[in-house]
Structure formats: C-alpha cells, structure tokens
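Written below as structure tokens is the structure these notes are about.
The values are calculated or read from the model by the stated rules, or taken from the named source; none is laboratory data. This structure is a prediction, so every number in the text was calculated from the model and none was measured. Methodologically, a virtual Cβ is constructed for each residue, glycine included, from the backbone with ideal geometry; neighbour enumeration extends over all protein chains shown. These accessible areas exclude ligands, DNA and RNA; they are computed on the full protein's heavy atoms, side chains included. Shrake-Rupley method; radii C 1.70, N 1.55, O 1.52, S 1.80 Å.
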Amino acid sequence: MSSDRIFGLVVVMGALAFFAGALQIQTSFLSDPVGPRVFPMLIAASALLCGLVLIAKPDAEPEWPALAAWGNMAIALVVLVSYALLIGPMGFLTSTALAAAGVSYLIEKNARTAALTGLGLSLVLFVIFKYGLGLGLFAFPRAWMG
Amino acid sequence: MDTLANLALGFSVALTPYTLFLAICGCFLGTIIGALPGLGPSNGVAILIPLAFALGLDATQALVLLTSVYYGTMYGGRISSILLNIPGDEPAMMTTLDGYPMAKQGRAGDALVISGVASFMGSFLSTIGLVIMAPLLASIAYLFGPAEYFALYLLAFCTLGGVASKNQAKAALAACLGLGIAMIGLDNSTGMPRFTGGNLHLSDGIDFLVAIVGMFAISEVFIFIESHGRNSALGVTLGKISIPWKDLKNTFGTMMRSTGIGFVAGVLPGAGASLGSFMAYMAEKGYVGSSGYFGKGDPRGVAAPEAGNNAAAGGAMVPMLTLGVPGSGTTAVMLALLLTLNITPGPLLFKDHPDVVWGLIASMFIANVVLLIMNVPMVKLFVKVLLVPAWVLMPMVTMVSFVGIFSLTGSYFDMILMIFFGALGYLLRKLDVPTVPVILGILLGSEMEDALRRAMVLSDGDWSYLFSSPIAIGLWVAAIGGFLAPLFLRGKLGKPIPVSDTTLDQD
C-alpha cells in the first residue's frame with residue numbers, strides 16, 4: 001500500500017467524521033437560510049472527494065526518512081512539548097538553554113557545540129526579548145523571585 | 001492629482017524618524033532572513049508578527065516593519081541561490097539556474113550586483129504599478145456583493161491549487177483542511193459552538209498565527225532534523241565587488257520585460273512570486289532564443305527571475321489590499337497581520353484608513369531604496385550570514401517562535417497547538433501537500449462562509465443567486481478554468497532542473 005493511499009483513507013475517514021460532527025451542530029431558531037451546518041458539510045464533501053481521488057490515483061512514494069531520523073524527530077517533539085510546558089514554571093533561562101541545546105544536538109550530534117548553542121541562545125535571546133523588546137519574561141522560576 | 005496627494009500623505013507618515021528606523025531594521029532583518037537557507041518570506045514574516053505585537057507597535061508601524069522584512073527577504077533569497085546553489089527561499093529557486101554557474105566562473109560579485117539591481121527594478125516599478133492599479137481595483141471592488149466574494153474566495157483556492165501545485169486533489173484537500181480548521185469555534189451568527197469537543201480553549205477558534213508559525217517555522221525544524229542540517233559551505237569565492245555596467249546595460253530590457261510578467265503573475269490571485277520568477281525566466285529564455293546561454297551563467301538568466309519575483313511580490317499586494325484575497329503564501333501571512341491589527345482589507349480600507357494604506361505604499365518605496373543600498377555595496381556583510389550553521393539557526397528559530405506565541409497569547413495550549421501544526425506541516429510537506437492553501441483556508445474560512453450565508457439571506461435561500469451577476473459568473477469560470485487548465489498543460493510545461501553539483505549531493 002502506498003503512502004498516498006493510506007493518506008487518502010485517513011482523509012476519507014476524517015471527512016466522514018467531520019460530516020457527522022457537522023450534523024451535531026446545534027442551530028438556533030433564529031438562523032439564516034443556510035445555517036451553521038451547510039458550509040462544514042460542503043467542506044467535508046469536497047475533502048471526501050479528494051480523499052477518494054488520492055486512493056484511486058496515488059502519487060509516487062515520497063522519500064520517508066530512516067527509522068533513526070523518525071526517532072530523532074520523536075525526541076524533538078518531546079523536547080518541544082516539554083519546553084512549552086516548562087517555560088512558565090522553570091523560567092526562561094533554564095528551559096530555553098535545555099530546549100535549544102536539545103534541538104541543536106538533534107541536528108548536529110555534537111555535545112559541545114549543542115551545549116554552547118543552548119547557553120548562548122538563552123542568554124542572548126533573554127537580553128534581546130527582555131531589555132530590547134520589553135517582553136515580560138521571567139529569568140528564573142517565579143518561586144525564587146519572591 | 002488625487003494619487004499624488006495620497007502619496008504625499010503616505011510619505012508624511014512613513015518619513016517620521018521612528019518609522020524610517022523600523023523600515024531600515026526591517027530591510028536588514030529581511031535580507032538576513034531571505035539569505036538563510038530554510039528561512040524565507042512566509043516563515044520569516046510569520047515568526048516576526050507576534051514580536052511586532054509584543055513591541056506594541058501601532059498598525060502603520062507594524063505594517064512598515066513587516067513589509068520591509070517581506071521585501072528584504074525577496075532581495076536576500078538570491079544571495080544563497082548564487083553562492084551556494086541553494087535557494088534561500090522558494091521564489092529564488094530560478095535564480096540558482098544561472099546565478100550559481102556565474103559564481104563558479106568567478107563572477108559571483110557581478111551576479112549579486114545584477115540580481116540586486118534587477119530586484120530593485122522589479123519591486124520599484126511594481127510598487128508604481130500598485131499605486132496605479134490598487135485604487136482602480138478598489139473602485140471595482142465596490143461592485144462586489146457576497147455572491148461575488150464567495151466566487152472570488154473560490155477562485156483564490158482554485159488558482160492556488162491549480163497553478164502552484166503538482167496534484168490538484170492534494171491542493172484542494174489542503175484548502176478543505178484549512179477551511180475545516182476555520183470552522184472550529186463559535187458560529188458567527190448563531191453563537192453555537194462548532195467542532196470544539198467541549199474544549200473551552202477551542203471555543204475562540206484556532207488563532208491563525210499559531211497555525212502559521214507552526215506550519216511555516218516549526219515544521220522547518222523537523223525538516224532540518226531529518227536531513228541533519230544542510231551542507232552550507234561556501235563553494236565559490238567572492239572577490240572585490242564592482243559594478244558591471246555593461247551587463248547592466250545589456251540586461252535592462254530583460255529586467256523591464258520580466259517586471260511586466262512578474263507583476264501580472266503577482267496580481268493574479270493564488271499565483272505569487274514563485275510563479276512570477278518561473279514565468280519571467282521561461283519567457284526571457286524564449287525571447288532571447290538560441291543566442292542565449294541560459295543555464296550556463298547567462299546574466300539575463302539572473303536578471304529575469306529576480307526582477308520577476310520582486311515584481312510579483314509587489315503585484316501580490318494589489319489583490320491582498322483591495323479585495324482581501326492574498327496572491328501568495330507571504331501575502332497570506334501579511335493578511336494575517338492586517339486581520340490581527342483589526343484592519344479589514346478591501347475597498348473600504350482605502351477610504352477609511354488612507355494613512356495606513358498610503359503609509360504602507362510609501363514605505364515600500366523607501367524600503368526599496370534602502371534595500372538597493374544594502375544589497376549592492378554592502379552585500380559582503382550579508383554573505384557572512386550564510387556561515388551561520390543550521391545547529392545554531394534552527395534552535396534560534398524555534399525559540400523565537402515559542403517566545404512570540406507565548407508573549408502573544410500567554411497560553412500553553414497555543415504553544416502545544418503550534419507544535420501540533422509543526423508536526424502536521426512536516427507530514428503534509430513530505431506527502432507533497434502544499435501548506436499555503438491550509439493557511440489561506442484558516443484565514444479566509446469564516447469570511448467565505450459569511451459571504452455564502454449573506455448571499456443566501458439576500459436571495460432567501462435561492463442557490464442560483466451565486467451565479468446571478470456577470471462578475472460572479474466570470475469569477476466562477478476563471479476558478480474552474482484555473483483549477484482544471486494545469487491538468488492539461490502539465491505535460492507540456494516541465495520545470496527546468498537546476499544544475500547538479502557534486503558537493504551538494506551529500507544529504
């Protein structure tokens with residue numbers, strides 16, 4: 001099975017789910033002639049059509065990355081999500097240094113340059129954002145700042 | 001002269017010291033962003049929008065800053081095309097064809113100067129075109145009712161899908177995905193939630209800036225991780241830069257012709273700068289005929305795509321400002337900026353906010369002059385930027401994106417959503433599904449639905465109202481034609497393949 005066929009199948013299922021979701025939308029008695037359901041249904045129908053075309057006529061297989069690259073991207077995803085969750089509680093400097101070092105290491109497997117990138121970026125960006133642009137960032141965890 | 005008075009007003013807004021300072025900063029940043037491989041007009045402008053808000057700039061200043069960045073990226077993209085054979089951004093793709101061979105023949109400096117001057121001609125003349133065309137189109141746009149607007153939005157999606165992508169089904173799908181995402185949130189007229197799944201974060205809808213930054217900037221990070229960064233060693237040496245007067249004189253005609261073609265390509269909805277440079281190059285190649293040596297370092301092959309893509313960038317502003325329909329990915333991002341500033345583009349913009357529109361246009365003229373100065377005598381400064389390795393650049397892009405969204409919305413949910421859009425954007429790009437229609441769908445979705453529903457209110461539910469005026473019928477015909485025509489033309493128009501280079505095949 002080619003990637004496009006699987007993708008087409010996902011699209012078809014998504015379009016059906018979207019259509020079902022559109023049927024559930026509550027309308028009020030004061031609605032206009034079209035109402036809030038019709039446009040989403042039109043979108044679902046067009047997407048369904050596109051999905052079917054993809055299943056019928058898939059393109060050539062794209063070049064998917066090797067397993068190791070998928071692993072790296074999964075790690076990157078975890079790093080980014082943790083960064084999003086930790087930037088508040090941990091403060092800007094630590095979380096940014098860790099996340100930037102992580103992303104850097106994933107692109108070029110060099111611990112030294114990655115660590116330097118992390119440290120450098122977190123300091124430079126903090127100074128630019130906080131003092132240059134005047135954003136309200138916290139350098140350290142808020143608990144420390146009293 | 002009405003136009004001249006308006007322009008004078010524009011310059012009086014744009015020439016205040018602070019605005020001028022912002023324009024210069026924007027040009028500088030834009031050239032750098034354009035030159036860096038992996039950062040182009042759309043993602044460069046996208047990550048700077050949240051920051052422009054965080055700075056507390058007013059509408060005119062934010063527009064001036066980001067338009068300068070936009071124009072700057074159009075100039076900067078050529079630098080890495082010529083020196084590295086890697087387009088700095090997508091519109092600069094065609095510039096690699098002759099730019100890199102010229103650089104290999106030791107004429108890198110000449111190629112940079114010619115392309116810089118071509119960029120200037122293209123964007124300066126197209127800005128004049130904008131001054132003439134925009135008020136005309138704005139006066140026509142008064143005739144547009146909801147039925148016409150619905151057809152116009154459809155036209156934008158169809159031509160974007162038809163012209164700019166390889167597979168119609170995928171482009172249409174991308175548009176549906178964007179429109180579907182736009183439906184999330186409270187319905188405008190009934191106030192009922194749609195597709196929120198009971199999640200309160202979603203009842204406001206998905207912020208298009210979150211989607212844009214995710215799709216354009218975060219997905220780039222995944223691309224870089226997959227490819228382990230691209231080899232960006234300078235393969236050619238750049239000597240002393242002098243001005244090749246003879247080449248400039250010989251390519252003057254090329255620049256003029258390409259500017260015309262590029263401007264028209266830019267004005268057409270959905271086509272944009274990449275198409276402008278492609279058409280300009282192909283047309284020039286055909287015009288010169290067998291006496292040219294295109295693909296082997298012909299200066300005309302450098303001048304044509306650069307004049308073409310910069311002219312298209314100016315042309316793309318015409319439908320964006322007058323109709324609210326962007327002509328390309330970057331103008332879609334600029335539209336996002338306008339909407340966030342609570343400015344609705346369209347004919348009323350010219351009447352209600354003349355200071356904003358004409359200030360913007362005046363700042364385009366200023367940006368072009370600044371960019372010419374930066375990009376011809378000072379080009380060596382920007383060449384240094386190419387030495388920034390991917391393992392510094394990409395973490396920086398990520399962090400700037402996060403801080404931008406964080407300072408704009410202050411919500412963890414939005415940052416997670418941005419990462420989601422990044423991953424989605426990566427998958428879509430791998431599957432060859434264009435991401436620009438997704439963004440356009442998110443931006444225009446509720447406008448398009450409103451147009452349809454208002455049309456149906458006017459006609460009391462009669463669907464034939466959508467085809468009731470000559471303008472609407474014309475737009476429908478153009479939409480269907482624009483979507484279907486490439487199916488038949490695709491076999492005949494192949495894109496030329498850039499020269500391969502052994503040092504670049506390592507990833």
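Quick one: which of B:Leu97, B:Leu112, B:Leu137 is within 17 Å of B:Gly34 (Cα to Cα) and in contact with a helix residue (DSSP H, G or I) (Cβ under 9 Å, 6 or more places away or on another chain)?
The match here is B:Leu112.
Taking B:Met93 as the residue in question, decide whether it is within 16 Å of B:Asn309 (Cα to Cα) and open to solvent by 10 Å² or more (accessible area, probe 1.4 Å).
So B:Met93 passes the test.
Can you find, within the stretch A:30-42, the residue that is nearest to B:Leu177 (Cα to Cα) among those that are at pLDDT 90 or above and facing another protein chain (nearest Cβ under 7 Å)?
Here the answer is A:Pro40.
Kindly evaluate A:Ile75 against the criterion of being under 30 Å from B:Ala174 (Cα atoms) and more than 7 Å from every other protein chain (Cβ to nearest Cβ).
yes
What number of residues in the stretch A:14-29 are exposed (fewer than 15 other Cβ atoms within 10 Å of the Cβ) and either touching a residue at least 24 places away in the same chain (Cβ under 8 Å) or facing another protein chain (nearest Cβ under 7 Å) (or both)?
Of the residues in that region, 4 qualify.
Examine the stretch B:433-446 for a residue that is open to solvent by 10 Å² or more (accessible area, probe 1.4 Å) and without any contact (Cβ under 8 Å) to a residue 60 or more places away in the chain, and state whether such a residue exists.
Looking for residues that are open to solvent by 10 Å² or more (accessible area, probe 1.4 Å) and without any contact (Cβ under 8 Å) to a residue 60 or more places away in the chain, one finds none in the stretch B:433-446, hence no.
Kindly indicate the residue of the stretch B:422-458 that is in contact with a Gly (Cβ under 9 Å, 6 or more places away or on another chain) and among the basic types (Lys, Arg) and also farthest from the other protein chains (Cβ to nearest Cβ) among those meeting that condition.
B:Arg454
Would you say A:Thr113 is more than 10 Å from chain B (Cβ to nearest Cβ) and either surrounded by fewer than 22 Cβ atoms within 10 Å (Cβ to Cβ) or charged (D, E, K, R) (or both)?
No; evaluated as a whole, the condition is false for this residue.
Looking only at the stretch B:75-90, which residues are assigned to a helix (DSSP H, G or I), of a type outside the set (Val, Ile, Thr), open to solvent by less than 10 Å² (accessible area, probe 1.4 Å) and in contact with a Ser or Thr (Cβ under 7 Å, 6 or more places away or on another chain)?
Once the filter is applied, which keeps residues that are assigned to a helix (DSSP H, G or I), of a type outside the set (Val, Ile, Thr), open to solvent by less than 10 Å² (accessible area, probe 1.4 Å) and in contact with a Ser or Thr (Cβ under 7 Å, 6 or more places away or on another chain), the stretch B:75-90 yields B:Tyr75, B:Gly76, B:Arg78, B:Ser81, B:Leu84.
Looking for whichever is of a type in the set (Ser, Thr, Tyr) and either in contact with a Pro (Cβ under 6 Å, 6 or more places away or on another chain) or not in a helix (DSSP H, G or I) (or both) here; the options are B:Tyr70, B:Tyr18. Which one fits?
Exactly one residue qualifies, and that residue is B:Tyr70.
Just the residues that are at pLDDT below 85, more than 8 Å from chain A (Cβ to nearest Cβ) and assigned to a loop (DSSP other than H, G, I, E, B), please, taken from the stretch B:167-203.
Residues satisfying the conditions are B:Asn188, B:Thr196, B:Gly197, B:Gly198, B:Asn199.
So, B:Gly106, is that one surrounded by fewer than 20 Cβ atoms within 10 Å (Cβ to Cβ), more than 24 Å from B:Pro41 (Cα to Cα), within 14 Å of another protein chain (Cβ to nearest Cβ) and more than 23 Å from the chain's Cα centre (by Cα) or not?
For B:Gly106, the condition - surrounded by fewer than 20 Cβ atoms within 10 Å (Cβ to Cβ), more than 24 Å from B:Pro41 (Cα to Cα), within 14 Å of another protein chain (Cβ to nearest Cβ) and more than 23 Å from the chain's Cα centre (by Cα) - is not met.
Do you know which residues across the stretch B:387-402 are among the aliphatic types (A, V, I, L, M) and either open to solvent by 20 Å² or more (accessible area, probe 1.4 Å) or in contact with a helix residue (DSSP H, G or I) (Cβ under 6 Å, 6 or more places away or on another chain) (or both)?
Correct list: B:Leu387, B:Val388, B:Ala390, B:Val392, B:Met394, B:Met396, B:Val397, B:Met399, B:Val400.
Mind telling me which of the residues A:Val79, A:Val34, A:Val10 ends up being outside the structural domain of A:Gly118 (by TED's automatic domain parsing) and open to solvent by less than 40 Å² (accessible area, probe 1.4 Å)?
Sole residue among the options that is outside the structural domain of A:Gly118 (by TED's automatic domain parsing) and open to solvent by less than 40 Å² (accessible area, probe 1.4 Å): A:Val34.
Are any of the residues in the stretch B:466-475 surrounded by 12 or more Cβ atoms within 10 Å (Cβ to Cβ), touching a Phe, Trp or Tyr at 6+ places or on another chain (Cβ under 9 Å), farther than 22 Å from B:Ala172 by Cα and modelled with pLDDT under 80?
Scanning the stretch B:466-475, I find no residue that is surrounded by 12 or more Cβ atoms within 10 Å (Cβ to Cβ), touching a Phe, Trp or Tyr at 6+ places or on another chain (Cβ under 9 Å), farther than 22 Å from B:Ala172 by Cα and modelled with pLDDT under 80, so the answer is no.
Across the stretch B:117-126, what is the number of residues that are surrounded by 23 or more Cβ atoms within 10 Å (Cβ to Cβ) and either within 15 Å of B:Ala362 (Cα to Cα) or of a type in the set (Gly, Ala, Ser) (or both)?
Number satisfying all stated conditions: 5.
I'd like to know if the stretch B:378-392 contains one or more residues that are aliphatic (A, V, I, L, M), in contact (Cβ under 8 Å) with a residue 24 or more places away in the chain and not in a helix (DSSP H, G or I).
Within the stretch B:378-392 (the criterion being aliphatic (A, V, I, L, M), in contact (Cβ under 8 Å) with a residue 24 or more places away in the chain and not in a helix (DSSP H, G or I)), the answer is yes, since at least one residue qualifies.
Given (1) open to solvent by 40 Å² or more (accessible area, probe 1.4 Å); (2) over 21 Å from the mean Cα position of the chain (by Cα); (3) of a type outside the set (A, V, I, L, M), where does B:Gly461 come up short, assuming only one miss?
(1)
Does B:Ala23 fit the bill of being farther than 19 Å from B:Phe382 by Cα and buried (at least 24 other Cβ atoms within 10 Å of the Cβ)?
No.
Any chance you could count how many residues in the stretch A:82-110 are more than 8 Å from chain B (Cβ to nearest Cβ), open to solvent by less than 50 Å² (accessible area, probe 1.4 Å) and polar (S, T, N, Q)?
So the answer is 2.
Which condition number in (1) of a type in the set (A, V, I, L, M, F, W, C); (2) within 25 Å of the chain's Cα centre (by Cα); (3) in the same structural domain as A:Ala20 (by TED's automatic domain parsing) is the one that A:Leu93 fails?
(3)
How many residues does the stretch B:403-413 contain that are facing another protein chain (nearest Cβ under 8 Å) and open to solvent by 40 Å² or more (accessible area, probe 1.4 Å)?
Count: 2.
Answer yes if at least one residue in the stretch B:414-421 is at the interface with chain A (Cβ under 9 Å from one of its Cβ atoms) and modelled with pLDDT under 90, and no otherwise.
There is no residue in the stretch B:414-421 that is at the interface with chain A (Cβ under 9 Å from one of its Cβ atoms) and modelled with pLDDT under 90.
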